[in-house]
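These notes concern the structure reproduced below.
The values are calculated or read from the model by the stated rules, or taken from the named source; none is laboratory data. Not measured: the values here are computed from a predicted model. Note that we place each Cβ from the backbone using ideal geometry, even for glycine, and neighbour counts take in every protein chain shown. Side chains are part of the model used for accessible areas, which takes the heavy atoms of the whole protein and leaves out ligands, DNA and RNA. Shrake-Rupley method; radii C 1.70, N 1.55, O 1.52, S 1.80 Å.
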Amino acid sequence: MPAAPAAQRLAVSPSPTDAPLLDVTVIGGGIAGLSAAALLAREGLSVQLLEAHHQTGGCAGTFRRGAYVFDVGATQVAGLEPGGIHDRLFRHLGVEAPAATPLDPGCVVDLCDGHPPVSLWRDPERWHQERQRQFPGSERFWNLCAALHGANWSFAGRHPVLPPRSLWDLGQLLGALRPANLASGALAFASVADLLLLSGCSSDRRLRRFLDLQLRLYSQEPAEGTAALYGASVLAMAQAPLGLWHLQGSMQALSTSLEAALAALGGELLLRHRVTSLQPAQPQGWSVRGQGPGGRPFTSLCRDVVVALPPQALGDLLGEAMPGAYRERISGFPDPSGALVFYGAVERTLLPAGCPAHLQIDWADPGSLFVSVSREGDGRAPAGQATVIASVFTPARPWLELEREAYALAKAEAMAQIQNGLELNLGLDATDWRHRELATPRGFARWTGRPFGFVGGLGQHPSRFGPFGLASRTPLPGLWLCGDSIHPGEGTAGVSLSALMASRQLLQARGKDLALP
């Protein structure tokens, strides 16, 4: 794991009396926060990025255990293709994109029903043939999804602001609309399950199970709860000209490139700086307070604040400054998911021949497994060995409410269940593991600082997607949001787009424009 530049690691926090007035303070050094900070620094603003952990990346970060490098949460990237958001972002910022290879297949889904697993091939024609074999008679559904995706993707490329909260926001939204978007708008309240019904495929139980598993990865909802306009694009992400990518080294490479851009553009990154209070300052702006290394208090005074944290953190940060109606709305959202993540390592020869980099296994207890296997020479394991990461969604809060002994028992049981699923499906023995450990929401809460260890956003339900979602423009002037709870949603590409949207809004309020190449 590369160390942060010395100037960043040794930065001294200003005292309340000598803190300069910054243009922007960004809170949270995940991909969204890093992207927003770098974009704003490029426009000449004085930017300070505060991250509570000893490294950036958040849920797209990395940790090391001896000879092994493990990706904490996210294990694949979208948006690195020419014209993708990461490609455009890195070109705009003037830094090299991290080395990556396209995943083909993007994922292999084993429904454990006696049929061959489903391979999500990168080549569109090969994927077309695959789904005809796997789900005969379903082409009306896939054609409907393709039409919606085409309209959605061109719409997203015109950078609408969703949901709009000002006349400028509304102008950006209206300017991005085309006749195809107006037509697809008729499905704004529909779910992917409704698309199955409309296409006459609702009786295909195997297709429905496949969709439930895949959509849950990206929207935190099954087909019945995933917005049709969101799900149609998610289901096309693995195919060219888009695609999913495997980063060389680790997922941390994405953060490292963004850190380099921020430093080159004059921005400041302060690690081990945990924000505890966010208050409006007089006559304008914000006072950001917290604790730095060694518990030393710090204060950052700024005109604007970009919060790249889960919105559930706002209540504690803002206290009485948070409007009551806004507090009620955020507290009324259902909890995002937590995750149980198994980190293991084995000899590569013990894995099945042709083992894919990513596979999804329809497993009963503790739930379906999303498995990521390192590639030979990708920097995650010594030669001849492989890391194996398996994650499963779980309600987060109960894990933090358990007493010590009950927690230890629940963790051991979950680890045994996941390990059993991996051993049965990958042909491994319990003695084959060279390393194994399990992270729970309690561990994610410590690592990421996210409330209750939540690992995703609000979920892309029709009632919370697009115009019905949480806005990046808050009711408090100068306070902006980005991240996986803000449009367009989860994943490194989604949160980067949300950072771009919030940055454009902030700059427009200062009379500046921001456009990527």
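Qualifying GluC sites (Glu not before Pro) in the stretch 403-451, where qualification requires a DSSP coil assignment and no more than 16 other C-beta atoms within 10 Å, comprise GLU403. Centre-to-centre separation between the Cα atoms of the stretch 229-274 and those of the stretch 71-117: 10 Å. Restriction of the GluC sites (Glu not before Pro) in the stretch 75-160 to DSSP coil positions whose beta-carbon has at most 14 other beta-carbons within 10 angstrom yields GLU96.
Find the relative contact order for the stretch 235-380 and round it to a whole percent, using C-alpha pairs within less than 8 Å whose residues are 6+ positions apart. Mind showing how you got there, number by number?
Numbers: 122 pairs, mean separation 23.8, N = 146.
With pairs under 8 Å counted, the relative contact order is 16 percent.
Trypsin sites (Lys or Arg not before Pro), restricted to the stretch 441-517: which are DSSP loop and have at most 16 other Cβ atoms within 10 Å?
ARG510, LYS512
Rounded to the nearest percent, how much of the accessible area of the chain (1.4 Å probe, protein heavy atoms only) is carbon and sulfur?
Working: 11410 of 20640 Å².
Of all accessible area on the chain, carbon and sulfur atoms account for 55 percent.
With the Cα gyration tensor of the stretch 347-401 in hand, convert its eigenvalues to equivalent ellipsoid semi-axes via √(5λ) and list them largest first in whole Å. Show your work: numbers first, answer last.
Values: eigenvalues 148, 38, 13 Å².
Its equivalent ellipsoid spans semi-axes of 27, 14, 8 Å.
Given Cα pairs under 8 Å that are at least 6 residues apart, what percent is the relative contact order of the stretch 185-288? Provide the component values of the computation, followed by the final result.
Numbers: 79 pairs, mean separation 20.6, N = 104.
This gives 20 percent for the stretch 185-288.
On a per residue basis, the stretch 438-503 carries 25 Å² of accessible surface, using protein heavy atoms and a 1.4 Å probe. Over the stretch 63-106, accessible surface divided per residue gives 38 Å², non-protein components excluded, 1.4 Å probe. Structural size metrics of the stretch 367-517, computed from C-alpha coordinates, are Rg and Dmax of 20.3, 63 Å.
Relative to one another, the C-alpha centroids of the stretch 309-374 and the stretch 449-498 are positioned 15 Å apart. Note on the chain: Rg/Rh from C-alpha atoms, Kirkwood Rh, equals 0.95. Only alpha carbons enter this Debye calculation for the stretch 219-271, each as an equal point scatterer, and the log10 of I(q)/I(0) it gives at q = 0.17, 0.19, 0.27 Å⁻¹ is -0.78, -0.81, -0.98.
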